[in-house]
Every structure is written in C-alpha cells, then in structure tokens.
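Trainee: Mind having a look at this structure? Questions to follow.
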Amino acid sequence: MKVSVLVFPGSNCDQDCRHVCEKVFGCSVEMVWHRETKLPPTDLVVIPGGFSYGDYLRAGAIARFAPIMAAVQEHAENGGLVFGICNGFQILLEAGMLPGAMRMNKDRRFICKDIHLKVENHESAFSSAIPEGKTLKVPIAHHEGNWVASEETYQRVIDQGQILFRYATAEGELTPESNPNGSMGNVAGLINSQGNVLGMMPHPERASETELGITDGSYIFESILQNFNQRASSIVS
Amino acid sequence: MTYSMSDITPAYAEALESHGLTQDEGLRILNILERKPLPLEVGLFSAMWSEHCSYKSSRIHLGKLPTEGPQVAIGPGENAGAVKLNNGILAVFKMESHNHPSYIEPFQGAATGVGGILRDVFTMGARPIANLNSIRFGSTEHPKTPHLLLGVVGGIAFYGNCMGVPTVAGETEFHAGYDDNILVNAMTVGIAKEDGIFLGAAEGIGNPVFYVGSRTGRDGIHGATMASASFDDEAEAKRPTVQVGDPFTEKKLLEACLELFKEDVVVGIQDMGAAGLTSSTFEMADRAGKGIRIDLEQVPMREEGMVPYELMLSESQERMLVVARKGSEASLQRIFEKWDLACAQIGEVTDSGRVELFWHGDQVANVPVHKLATGAPKYDRPTRPRPTTHPIPELLPAAPDDPGAMLHSILSNPIAGSRSPVYEQYDHMVQVRTMVRPGGGAAVLRVPEAEGMISVASECAHRACILDPREGARRTVADAARKISATGALPLAITDCLNFGNPEVPEVMWEFVEAIEGLKEGCLALNTPVVSGNVSFYNETRDQSIPPSPTIGMVGWMDNEIQPVPGFVREDGLELWLVKGAEPSLDGSLWQQYFCGTVGGELSKMDFEIESRIQSFARTLAKKKLVAAARNLGSGGLAVSLAKMLFNGEKLMGLKCGSFSSEDGTRRYFGEAPSSMILASAAGHRAEIIALAKEANVELQALGQTGGQEFNLGDIHLDINRLYGAWKAALNPLMGISNDC
C-alpha cells in the first residue's frame with residue numbers, strides 16, 4: 001500500500017506516522033512537503049499531528065490553504081483514502097472535508113493521556129477489523145479537540161453512521177467524565193459521508209507497538225490495510 | 001599606560017553602575033582597552049562579565065567536578081555535553097535555569113527556558129528526543145503560587161508540545177524558601193551520530209558569519225544582567241527584559257539546522273541565548289582563538305530604528321550564529337529560504353583576536369575576545385560555614401496522631417499529591433519512543449538508532465540541602481542514579497544546574513562550595529561524570545536567598561535485552577520487598593516539612609558502597625526479568641512510596657504488609673532512608689531474588705503482597721479508592737481544576 005504523509009513546517013507526528021506505516025505495517029511511504037501541488041501515486045494520505053503553521057490562530061485554519069491541500073481534496077473526491085490524526089483532523093474540518101468544527105478543550109489546557117474509545121461503526125474502511133464490543137485504548141495529546149456541530153449536522157452524521165469513535169469509559173460507557181475535552185456527544189473521530197475520509201483526535205500511531213505497551217491503535221491501521229487488500233484482490237479477480 | 005581608580009569619572013561610574021559592573025571591573029576595562037570604552041563596549045563587557053555568562057564566582061570551583069570517563073564523548077565547555085550510547089550514537093544533553101524570567105513572567109519565562117535548552121542541544125547536531133524539568137515553587141499556601149505554577153507549566157507545555165519533543169520526566173516541588181524566587185530548570189536530551197557533532201568554534205579565517213532564524217527585536221535586552229542580580233520590589237518593572245517565545249519558528253529552525261548539518265556547510269554554530277549576539281560572537285571566536293568582524297546593519301531586524309546596542313544585547317529567541325565554509329553560502333540560503341527563516345551574512349572570521357563591530361561603515365566597538373570571554377574576571381569569594389545541625393522542630397498542633405491519618409493527609413496535599421495535572425499538560429509520547437512514562441521516577445525512551453534505551457531523571461534533594469548542602473548534593477546524585485537503576489539502566493553521566501542565592505554572602509558561597517564537593521563525591525562514587533551544566537546565582541529576593549538547590553539531570557543506558565521496569569505495580573499477588581539502605585530518618589524528610597512546618601535535625605552521611613551494591617542489584621533483577629516494578633524509596637518514606645507504587649492510573653489495588661513492625665512508628669512509616677528501594681515481583685521468583693540479594697550483599701526485607709482494596713501497612717488501614725482519590729485530586733485546587741472531572 002502506498003502512503004503519502006503530508007509535512008507542514010510545524011508537523012511533529014509526521015515521522016511517527018511514517019515509522020508506523022513503514023515499519024509496523026509494511027507500507028511504502030512518501031513524505032509530501034506542504035508546498036507541493038501534486039501527490040505521488042497514493043492509496044492513503046495521512047495528515048499527521050502537530051502545529052502545521054504554528055496554529056497560533058485556530059488549529060488548521062491556515063493549513064487548509066496549503067498548496068498541497070487541493071491535491072488532497074481531489075484525491076478524496078476520486079474516492080482515495082484520507083486519514084487526519086489530531087492536527088490532521090483539525091485541518092480536515094477547516095478544509096470542509098469533514099463536518100463540524102473544533103474548539104479549545106473545555107478546561108483550556110493541553111491534555112496528554114490514554115483515553116478509551118467506543119467504536120460506533122464497524123463497517124467503515126477504517127474500523128472493520130475492530131472486534132465488536134471492543135473499546136480501544138489510545139492516547140490523546142491536544143489543546144483543541146472539543147468538536148462541535150449544529151444540531152442538524154450532528155443528527156445527520158449520526159444517521160449516516162459517520163461517527164466512528166466516541167470517548168468512553170474502559171467498559172464503553174459514554175459519560176461526561178470519560179469525555180476529556182468536552183466534545184459534543186463525546187465524538188472523538190468521524191468519517192465523511194462517502195466513508196473515505198477519517199479524522200480523529202486520538203493518536204493510533206502511538207498505540208500500535210507492544211514495545212510501547214499500548215497496541216489498540218493497530219486495529220485502525222489493520223482495517224485500512226484489510227480493506228485495501230480486499231479491494232486490490234477484487235480488482236485483480 | 002596604566003589607569004587608576006582616579007580615572008573613573010562620575011559619568012563613567014554611572015555607566016558602570018547602570019550596567020551592573022563594579023568600579024574594579026571598570027578599571028580593568030580601562031586597562032584592557034587602554035582607553036575609555038565606547039557606550040556599546042560597556043554593554044558588551046556588562047553582558048560578558050555578568051555572572052550568568054562569565055561564571056565569575058563559580059569558575060574556580062566548577063573545575064573540581066569530575067568530567068571524564070570512557071563514556072564521555074563531550075565534556076563541559078560546549079553548548080551541551082554528550083555520552084556514548086552504542087553504534088556510534090551519542091546522547092547530547094544539558095540542563096539550564098530560567099529562574100528569574102519565570103518569576104517575572106511565568107509563561108514566557110518557562111517557555112523560552114525550554115526553547116533555549118532545546119537550541120543548546122540541536123546546535124550540536126543532535127535531534128532532541130526528550131525534555132525534562134525541575135520546577136520549584138513557594139509554599140502551597142502562598143498567594144502567588146497558583147499563578148506561577150499555572151504559568152510555568154503552561155509555558156513548558158506550549159513550547160515543548162509544539163516542538164514535538166516529549167516532556168517525559170521531572171519534579172514539581174513546593175517549599176516556602178522559593179516563595180519569592182521560583183526555580184525553573186529545563187533539560188533536553190538529544191541524539192546524534194558521533195561523527196555528526198557540530199561545535200561552537202569560529203574556525204577558518206575569511207569564513208562568512210551568518211545570522212539565521214528569527215529577526216531581532218527589542219525583547220530581552222540585558223536579560224543576562226537581569227539574571228545576575230537579586231530581586232527587589234521592582235521585579236515587575238523588569239518584565240520587558242523577559243523574552244517572548246515562538247516555538248513554531250524554533251521548530252522550523254530545528255529542522256532547517258538538521259538539514260543544514262547534512263550538507264558540507266557548517267564550520268561552527270551556536271545559538272544566541274543569554275546575551276544574544278554578543279555571547280555567541282565572543283564565545284565562538286574565543287573557542288577558536290580567532291576574531292570576528294560584524295556589520296551590524298546586516299542583522300535581520302524586526303523593527304525600524306534599532307541601534308547597535310540593542311542589536312548586540314537583544315535576547316530575541318530562535319536565532320543562531322553560523323560560521324559557514326566559504327563558498328557554501330548558496331546552500332545555506334536555499335535551506336533557510338525553504339523553511340521561511342531569516343538568513344543573512346553579517347560578517348567574517350578574522351585573525352585579529354578581536355570582535356570588531358561596524359554600523360554602516362563606522363566602527364562602534366573593537367574589543368579583545370579572550371578578555372571578555374574565558375579571560376573574564378574570576379572571583380574566589382569568601383565563604384563562611386553555617387551549622388549542619390539544626391533544632392528538631394515540634395509537630396504542628398493540627399497534625400494528626402495516627403499514621404493512617406497522617407498518610408491520608410500528606411497524600412491529599414499538593415506537597416505529595418499526584419503530578420498528573422502537571423505532566424498531562426505535556427505531550428510525553430510524541431516521537432513514539434516513550435516506554436516508561438512520567439509519574440514513576442525515571443522515564444525510559446527507546447533509541448532504536450543505538451539498539452537500546454535511555455533512562456532519564458532529574459533531581460534535587462532540596463530539603464536535605466537545607467540541612468547540609470554537601471550531604472544534600474551527595475543524595476541528589478544518589479537519588480537520580482537510583483531512579484535510573486530502578487528501571488534497569490546503568491547511570492552514565494549528569495548535567496548540573498546549580499541554583500543558589502547571592503554568592504557575595506559568605507554563607508551562600510559556602511553552600512555552593514559544599515554542594516560542589518557533594519556532587520563531586522557522588523559523581524565519583526557512582527561513575528557519573530558531569531558533562532555539562534549551568535550556574536544560577538542571585539536567587540535572592542529582599543536579602544533572602546533560596547535554599548541551596550543543586551539540581552541535576554541524569555542519563556542512563558540499557559540495551560534491548562532488558563525489559564524496562566516501571567515504577568508501578570499492575571497485578572494482584574505480587575510480593576513486595578524493601579531493599580534496605582540507610583536507616584530511615586525523619587530529619588529533612590517530607591513528613592517533617594509537612595507536619596512540623598520546617599525541617600531540622602542532622603543528616604547522617606550516606607554510604608556509597610551500599611548505594612552502588614543496591615543499584616547494581618536492581619539492575620541485575622531487571623536484566624533477569626525478576627521484578628514487575630521498582631521504585632526509589634523517596635520523599636515521604638516507605639508509606640508514601642508504597643502508596644504511589646500502587647497508583648498506576650488504571651487498575652487500583654491495595655496491599656497487605658502484615659509482617660511490617662510498627663515499632664518506632666512514624667520513623668518507620670515516613671522516615672527517608674538513602675539508598676533504599678522498594679520492589680515488586682511475582683511469587684515464583686522469591687527464592688531467586690533472595691539468593692541474588694545474598695550474593696550482592698544487599699539486605700532485603702519481605703513486606704507483603706499486593707491485592708485487595710485496602711492499604712494495610714502495619715497500623716495503617718485505609719481504603720485504597722479513597723486514598724487514591726485524595727492523592728489524585730491533591731494538586732487540582734492549585735491548578736484551577738474542578739474536582740468532579
């Protein structure tokens with residue numbers, strides 16, 4: 001599988017995403033500089049975490065205008081997979097590729113810790129390998145992850161099965177205490193209506209190796225690979 | 001021509017005073033220059049001869065510290081020191097203070113402290129992989145403490161998180177001795193290839209000198225001089241001397257520099273830290289024994305109308321001085337353009353041995369390099385010992401009298417409560433290296449480049465230092481090493497950050513000299529030489545000096561054969577062991593500080609032979625995969641350390657230590673015992689552990705088992721959920737966090 005990892009000058013999880021895609025999941029990875037206007041041949045675009053252009057304004061507000069973003073839009077419109085993690089999610093929201101917007105965490109502080117995710121949709125290209133009933137333990141690390149949308153949009157994303165992950169207790173219960181940042185409906189990650197673009201605040205790339213003592217993030221990468229391989233084999237046959 | 005005091009005119013005397021220079025120093029300047037200095041030159045002398053830049057009060061003592069060993073790749077004197085790991089990979093590290101700015105403006109002060117130490121490390125050619133810090137605040141009751149704590153933690157998070165460097169370990173401490181002068185010590189660890197190290201020497205006559213990074217503004221002018229004076233009631237007015245941080249620019253500067261190092265461009269490089277363009281120019285020229293000529297109008301400026309004095313003394317952040325190989329100018333320009341950073345040739349290396357500064361063709365300064373840099377004045381300041389035996393304080397009337405209530409009370413107080421509200425604001429996982437996270441002592445990071453892991457910790461035994469600075473410094477080294485050995489790693493070397501009061505006070509100077517002796521003894525005994533460091537004097541407000549606070553950062557190493565040992569237990573039915581070092585004592589303990597309101601008594605001298613044996617034993621157990629958790633028996637003694645060992649943040653369990661004898665009560669529960677550790681192991685390993693202890697000549701005591709929902713230690717019987725809840729929420733009120741989430 002060919003992966004393009006975008007690199008903004010303030011990206012800081014780009015090498016982590018490269019490492020995990022390459023070393024853990026055996027993909028071939030190209031790093032794509034923000035000033036490029038074309039993507040190399042790509043099956044998956046990863047928009048990594050970090051502070052794209054410093055994010056002194058609103059996270060991702062400037063990055064959406066980066067030269068490379070038009071190519072990412074086009075890739076998505078053609079059905080290609082796009083995966084935004086943390087700052088990548090914020091950028092996808094600002095670019096209008098995912099619904100809703102991000103606000104500062106409810107207690108206005110950066111939070112870095114493990115949280116649990118209830119998986120709401122096991123059908124998507126990003127979640128099909130996650131066992132039913134399994135909650136995922138994955139770390140978060142952000143200052144601006146308090147997702148919000150209009151009631152109408154919120155209802156629509158529910159109806160269309162776009163919510164993939166919600167913050168929950170280890171047992172999968174949705175409680176205010178298990179919502180670290182105040183996100184509407186405990187939303188931690190969602191897909192677009194076509195199902196080929198995912199944005200999530202937690203960092204699955206930090207939770208994909210036994211050496212680090214936390215591995216649930218690998219279900220997401222495995223889902224992506226499984227679906228890609230299935231699609232590839234169906235095209236061949 | 002020789003000048004005398006009578007040549008110091010009233011106008012000159014006034015200039016000297018406003019620059020923090022003494023009349024003796026003023027006379028020295030006249031004799032060096034053989035003329036009256038130009039106004040800018042007074043500024044240069046003031047910055048370079050400030051305590052902060054010149055180490056004039058400490059230099060003669062710093063030479064006593066051990067700095068050599070087969071593991072040392074680069075010792076003190078460069079921007080950072082380095083130790084050898086494996087595969088030709090070095091760990092490059094240094095710790096630095098940013099105390100004064102952080103008290104004046106906690107957020108920016110702490111942020112730029114982190115920015116500064118990061119630059120010191122990546123200027124060497126290393127990629128930073130971990131940040132640590134040691135932060136000390138006044139009493140938890142002091143009205144300014146919450147504001148300072150929130151600001152400092154927020155500033156450290158703001159800078160480190162954006163840089164993508166995980167903040168993995170540290171200390172957050174409270175003591176009334178820091179009420180009016182907090183300590184913010186920041187450390188960075190980077191990795192570099194042995195043959196990819198860059199030093200800060202301006203070699204090669206005729207080589208171009210480049211300025212890269214952020215543009216120069218009017219911020220932080222005379223920061224180094226400010227940091228070399230005591231505070232008075234006017235501290236607020238010094239706010240403009242604090243720099244403002246821009247971590248996004250620094251992130252670009254980091255990547256641009258690392259890209260630059262891959263090309264054959266850089267001859268020498270140094271960050272513009274304290275005293276900005278002045279110190280970088282003089283230090284680079286001094287290391288090479290050369291001169292530098294600068295055309296100041298070429299310096300990229302943030303605003304119009306700046307003058308040479310401001311350009312030389314601004315402490316604007318995120319800037320570097322690069323001496324490039326002649327002919328490589330285009331590569332340099334290309335890389336900095338890619339990263340949208342300022343880049344300008346401002347001068348060249350000369351053979352004059354002088355720094356010559358020009359402003360639109362006019363010479364505005366011409367001074368000899370060496371006399372301002374390593375040839376700066378050195379003072380052997382007088383010392384006067386103070387007693388190391390102190391009255392033993394009485395229990396406060398409000399103190400509870402049973403050990404269970406005491407444990408609950410101390411754990412619910414910010415003095416011993418959970419630091420998670422602090423370290424959860426720091427991204428401690430970025431770079432996917434963190435194997436042992438903050439909260440348990442030393443952190444462990446994988447370094448696949450070297451096929452192993454580093455273990456890192458920062459430490460200052462400040463309560464012990466109050467009683468006896470030499471013994472306190474010894475314990476500081478021992479504690480840090482013990483934390484690292486507990487994870488399974490071998491301690492390699494330290495960086496020091498020596499925070500003291502006014503060196504012109506003989507008792508303070510004595511504290512400093514004693515602490516140096518203590519560090520020396522500790523470093524020699526544990527084979528952890530000093531590879532880099534920093535001295536921060538004048539931590540004094542209204543004639544009140546801070547407690548002597550020699551802080552260190554330590555780096556240890558283990559190979560991939562070892563499974564790093566965490567500081568937390570996660571399973572029921574584990575056996576708990578006390579590895580007995582010295583006898584526990586309440587003198588200088590956290591218990592005494594909290595329940596008596598102050599510390600007193602006398603410290604016994606810790607035994608480094610026992611210390612080495614215990615640490616080696618801990619590493620053996622880790623290597624043989626016999627322990628599930630290991631922890632230094634630290635502040636608060638056995639009861640507090642055992643409780644913290646249970647608080648893993650996930651699965652809560654109690655312990656049953658029935659065999660614990662409560663005879664001699666409080667001292668057994670809360671006394672602090674140098675060299676001691678607690679271990680947890682699976683029941684099946686019992687015989688092997690006992691045999692290994694015997695072989696290692698280490699005294700071991702079985703304490704009991706983990707499990708149940710009660711904390712049962714001798715006469716202490718507490719519900720573990722309540723105890724955990726109280727500990728977890730202890731810092732919340734100070735940090736403005738509501739307790740319901």
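A short reminder: the numbers here are calculations on the coordinates, not readings from a lab. What you are looking at is a predicted structure, and each value in this text was computed from that prediction instead of being measured. So basically every Cβ, Gly included, is an ideal-geometry build from the backbone, and we count neighbours across all protein chains shown.
Trainee: If Lys and Arg each add +1 and Asp and Glu each add -1, what is the summed charge of the other residues whose beta carbon sits under 11 Å from the beta carbon of B:Trp727? Intermediate values should be presented prior to the final figure.
Mentor: Working: positive: B:Arg419, B:Lys644, B:Arg722, B:Lys728; negative: none.
Neighbour charge sum, excluding B:Trp727 itself: +4.
Trainee: While we're on this one: Set the Förster distance to 41 Å, then compute FRET efficiency between A:Gln226 and B:Thr374 from the Cβ-Cβ distance, nearest 0.05.
Mentor: Working: r = 63 Å, r/R0 = 1.55.
According to the calculation, E is roughly 0.05.
Trainee: Would you mind working out the magnitude of the charge dipole of segment B:330-454 relative to its Cα centre, with +1 at each Lys and Arg C-beta and -1 at each Asp and Glu C-beta, to the nearest 20 Debye?
Mentor: Details: 12 positive and 14 negative charges, 66 e Å.
Here segment B:330-454 has a charge dipole of around 320 debye.
Trainee: Using the Karplus equation 6.51 cos²θ - 1.76 cosθ + 1.60 (θ = phi - 60°), what ³J(HN,Hα) coupling, rounded to whole Hz, does each residue of segment B:139-149 give in order, writing x for Gly and Pro?
Mentor: 3, 5, 8, 5, x, 7, 4, x, 4, 5, 4
Trainee: Give a residue-ordered list of calculated ³J(HN,Hα) values for segment A:37-52 (Karplus: 6.51 cos²θ - 1.76 cosθ + 1.60, θ = phi - 60°; whole Hz; x for Gly, Pro).
Mentor: 10, 10, 8, x, x, 9, 9, 9, 9, 9, 9, x, x, x, 10, 2
Trainee: Mind scanning A:Lys118/B:Lys624; B:Lys624/B:Lys651; A:Lys38/B:Lys338; A:Lys106/B:Lys94; B:Lys56/B:Lys94 and naming the pairs with a C-alpha gap bigger than 28 Å? Provide the component values of the computation, followed by the final result.
Mentor: Values: A:Lys118/B:Lys624 38 Å; B:Lys624/B:Lys651 26 Å; A:Lys38/B:Lys338 18 Å; A:Lys106/B:Lys94 36 Å; B:Lys56/B:Lys94 20 Å.
Flagged as over cut-off: A:Lys118/B:Lys624; A:Lys106/B:Lys94.
Trainee: Suppose each label sits 7 Å from its Cα in the direction of the beta carbon; what would the B:Arg302-A:Thr169 distance come out to in nanometres?
Mentor: 5.0
Trainee: Please list, in chain and number order, the residues 5+ apart from A:Asp43 or on another chain whose amide H is under 5 Å from its amide H, with Hs placed from the backbone.
Mentor: A:Lys2, A:Val3, A:Ser4
Trainee: Taking a temperature of 4 °C and a viscosity of 1.567 mPa s, what whole-number D in µm²/s does Stokes-Einstein yield for segment B:392-439 with Rh from Kirkwood over alpha carbon pairs? Let's see the in-between values first.
Mentor: Numbers: Rh = 13.7 Å.
Answer, rounded: 94 µm²/s.
Trainee: Let me ask something else. With Cβ to Cβ distances under 13 Å as the rule, what net charge do the other residues near B:Ala416 carry (K, R +1; D, E -1)?
Mentor: Details: positive: B:Arg419, B:Arg463, B:Lys644, B:Lys728; negative: B:Glu171, B:Glu173, B:Glu672.
With Lys, Arg at +1 and Asp, Glu at -1, the neighbours total +1.
Trainee: Would you mind getting the Kirkwood hydrodynamic radius of chain B from its Cα pairs, rounded to one decimal in Å?
Mentor: Averaging 1/r across every pair of different Cα atoms and inverting gives 26.3 Å.
Trainee: Could you tell me what a quarter of the Cα convex hull surface of segment B:285-436 works out to, in nm² with one decimal place? It would help to have the intermediate numbers written out before the result.
Mentor: Working: hull surface 78.9 nm².
It is 19.7 nm².
Trainee: Show me the ranking of peptides B:582-588, B:84-90 by mean Cβ neighbours inside 10 Å, starting with the highest. Don't jump to the answer; show the numbers that get you there.
Mentor: On the way: B:582-588: 20.3, B:84-90: 18.4.
Peptide ranking by packing, descending: B:582-588, B:84-90.
Trainee: Give me the three principal axis extents of the protein assembly as shown from the C-alpha atoms, as integers in angstrom, largest value leading.
Mentor: That works out to 92, 75, 49 Å along the principal axes.
Trainee: Here is a follow-up. So how many Å³ per residue does the convex hull of the Cα atoms of segment A:2-236 work out to? Write out the running numbers ahead of the final one.
Mentor: On the way: hull volume 27.2 nm³, N = 235.
Output value, Cα hull per residue: 116 Å³.
Trainee: Determine by what factor the alpha-carbon radius of gyration of segment B:616-725 differs from 2.2 N^0.38 Å, reporting the quotient.
Mentor: Values: Rg = 14.0 Å, N = 110, 2.2 N^0.38 = 13.1 Å.
The value comes to 1.07.
Trainee: Between B:Val244 and B:Leu524, what FRET efficiency comes out of the Förster formula 1/(1 + (r/R0)^6) with R0 = 56 Å and r the beta carbon distance, rounded to 0.05? Can you show the working numbers first?
Mentor: Values: r = 42 Å, r/R0 = 0.75.
In this case the efficiency is close to 0.85.
Trainee: At R0 = 45 Å, how high is the FRET efficiency between B:Asp719 and B:His147 if r is their beta carbon distance? Nearest 0.05 is fine. Could you put the intermediate results ahead of the total?
Mentor: Details: r = 35 Å, r/R0 = 0.77.
After rounding, the FRET efficiency stands at 0.85.
Trainee: Then there's this: Mind checking A:13-19 for the average number of partner chain beta-carbons within 10 Å of each residue's beta-carbon?
Mentor: If you average over the peptide's residues, the count of other-chain Cβ atoms is 3.
Trainee: Count neighbours as other Cβ atoms within 10 Å of each site's Cβ, and list the chymotrypsin sites (Phe, Trp or Tyr not before Pro) in segment B:327-409 that are DSSP loop with at most 12 such neighbours. Don't skip to the end; give the middle numbers.
Mentor: Details: sites: B:Phe336, B:Trp339, B:Phe358, B:Trp359, B:Tyr379; in loops: B:Trp339, B:Tyr379.
Taking segment B:327-409 and a limit of 12 other Cβ atoms within 10 Å, no loop chymotrypsin sites (Phe, Trp or Tyr not before Pro) are found.
Trainee: Whole-Hz Karplus ³J(HN,Hα) for segment B:425-439, in order, using 6.51 cos²θ - 1.76 cosθ + 1.60 and θ = phi - 60°, x for Gly and Pro?
Mentor: Those phi angles translate into 7, 9, 5, 10, 10, 4, 5, 6, 10, 6, 9, 10, 7, x, x Hz.
Trainee: Something else now. Quick one: Cα centre-to-centre distance for segment B:646-721 and segment B:508-524, in angstrom?
Mentor: Going from one Cα centre to the other spans 34 Å.
Trainee: Moving to a separate point now. Using the alpha-carbon centroid of each, what span in Å lies between segment B:85-146 and segment A:5-47?
Mentor: 31
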